[in-house]
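The values are calculated or read from the model by the stated rules, or taken from the named source; none is laboratory data. This one's a predicted model, so the numbers in the text were calculated from it and none came from an experiment. Positions of Cβ are generated from backbone atoms using ideal geometry, with glycine treated the same way; all protein chains shown enter the neighbour counts.
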Amino acid sequence: MSRKSGLVPRAQYDPEEKTLLPEPEHGVKERPLPDLSGMTLAALSDWVTSIGLPPFRAGQLFRWIHGRLVKGFDEMTDISKSLRGRLSEEARITRLQSLETHRSEDGTLRAVLALPDGLPVETVLIPEPRRLTACLSTQVGCRMGCAFCQTGRLGLLRDLSTSEIVAQLDWLRGLPDCAGNRVSNVVLMGMGEPLDNRGQVFPALEIITGDLGASIASRRVTVSTIGLTDGIAEMEGLPGQYGLALSLHGALPETRARLVPGAPEQDLDVLAASLASYARVKRRRVTIEYCLIEGVNDDREHADALAAFTGRIPCKINVIPLNPVGTGGLRPPAKEGIERFLEWLYPVCQAVILRKPRGRDIQGACGQLGTSLLLASRGYAPERASGSQAQHGADPQAR
Ligand code: SF4
């Protein structure tokens, strides 16, 4: 599917069948109003002055939307009734509705949320002893077509807007889970390739880290990518010290090309240089995600190649045994195979961590629930089972 196919389904969710109804003949018209929830503070300042309001209104609105998480202008009680009425006529705020939620025995919460046009998107909240991590999606579907990824089977349906990315976080922050525990970390590892939609993702990063909103430190926000080097270079220019995770999965060119065929940069030397530059500029290690697959990338040759690749980059390596759900027959090595691979790496790599997926009992990792829904609506038979297969091959708890 071409990236900008123009296919923006106006699907509807059937709560009884737990599936999406076919696209109606007449799509729902979006209100052509400025969406304040997708504006950075600077953009909001421009907007309020453009309609004749004093600049201080920008901070006031930003705090109400992303700090106090109001659902509409009516709740902004320190703004006069007449101005609230005017704002509701001239602007809008995006809030998402929950379609499905699943709670794991380990506390992980997965939610499928309805976008304004009815498409589903998945978001995840992962509690840990010292942090609370939100995993957000950035696209509906994905055009990168990674060999082990259900979302890749969909192709790209559409990019999420800045407001739809931030609204996932705001929805999670409104849960009772977050009443006494602030979301401390954010990972962009749900459905989609974040750097393929960086025009919307980068402003979302600015909003997420904004003082008047979620106020999450940029070092606690991680962008996961299959290695779009032009996007990585642009990230270098952002003011924040955002974390960067590369979904590598193969350090031999032919293996990488097989597993991650959509990566525009297949030259591993160029990719390593891009990551090393990011690590140097941001003065922090990048994360290398390596999904371990039996008979594909788990032998000594691949371990040596991984060590050689990562030896050039300040990094840590997350090894994640593949979850076999929706992978077309690919599967993880047995326990002995995983241990053997790690033993090859430990003496020669900087930092190697075996990641255990969260939420194993609630089917899949980021994106898989939402993807299952979309695949079913298109006549596929997505595999649904316990276990975890993170998009980009990573477990969101990894950060
Ligand atoms: S792993 Fe990530 S980049 Fe690859 S197809 Fe899935 S969502 Fe897209």
**OP:** Determine which member of the set SER277, SER224 is at pLDDT 95 or above and surrounded by fewer than 23 Cβ atoms within 10 Å (Cβ to Cβ).
**Re:** SER277
Subject >> Scan of region 43-58 for residues that are in contact (Cβ under 8 Å) with a residue 40 or more places away in the chain and loosely packed, with under 12 Cβ neighbours inside 10 Å, ordered by number >> reply: none
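Out of SER137, SER88, I need the residue that is farther than 25 Å from GLY328 by Cα and of a type in the set (Gly, Ala, Ser). Which one?
Numbers: SER137 fails: farther than 25 Å from GLY328 by Cα.
None of the other options fit; the residue is SER88.
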Original post:
Among the residues of region 246-299, which ones are part of a helix (DSSP H, G or I), of a type in the set (D, E, K, R) and within 18 Å of GLY329 (Cβ to Cβ)?
Top reply: ARG258
Subject >> Odd one out for GLY107, checked against (1) in a strand (DSSP E or B); (2) away from the ligand (no atom under 16 Å from the Cβ); (3) in contact with a Pro (Cβ under 6 Å, 6 or more places away or on another chain) >> reply: (1)
Original post:
Which residue, of SER88, SER82, SER104, is of a type in the set (Ser, Thr, Tyr) and touching a residue at least 40 places away in the same chain (Cβ under 8 Å)?
Top reply: SER104
Original post:
Quick check: anything in region 143-151 crowded, with 24+ Cβ neighbours inside 10 Å and away from the ligand (no atom under 16 Å from the Cβ)?
Top reply: no
Original post:
So which residues in region 318-343 are at pLDDT 95 or above and either hydrophobic (A, V, I, L, M, F, W, C) or assigned to a loop (DSSP other than H, G, I, E, B) (or both)?
Top reply: VAL319, PRO333, ALA334, ILE338, PHE341, LEU342
Original post:
Can you tell which of GLY107, GLY174, GLY152, GLY141 is in the same structural domain as TYR242 (by TED's automatic domain parsing) and under 25 Å from LEU33 (Cβ atoms)?
Top reply: GLY174
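State which residue is nearest to the ligand (Cβ to nearest atom) when the search covers only region 187-218 and only residues that are among the small types (Gly, Ala, Ser) and crowded, with 16+ Cβ neighbours inside 10 Å.
Among residues in region 187-218 that are among the small types (Gly, Ala, Ser) and crowded, with 16+ Cβ neighbours inside 10 Å, the one nearest to the ligand (Cβ to nearest atom) is GLY192.
Listed residues ASP299, ASP304, ASP267, ASP230; which is within 16 Å of the ligand (Cβ to nearest atom) and either charged (D, E, K, R) or not assigned by TED's automatic domain parsing to the domain that holds ARG143 (or both)?
Exactly one residue qualifies, and that residue is ASP230.
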Original post:
Is it the case that region 169-186 has a residue that's within 16 Å of the ligand (Cβ to nearest atom) and surrounded by 24 or more Cβ atoms within 10 Å (Cβ to Cβ)?
Top reply: no
**OP:** Scan region 157-167 residue by residue and report those that are under 13 Å from LEU205 (Cα atoms) and surrounded by 24 or more Cβ atoms within 10 Å (Cβ to Cβ).
**Re:** THR162, SER163, GLU164, ILE165, VAL166, ALA167
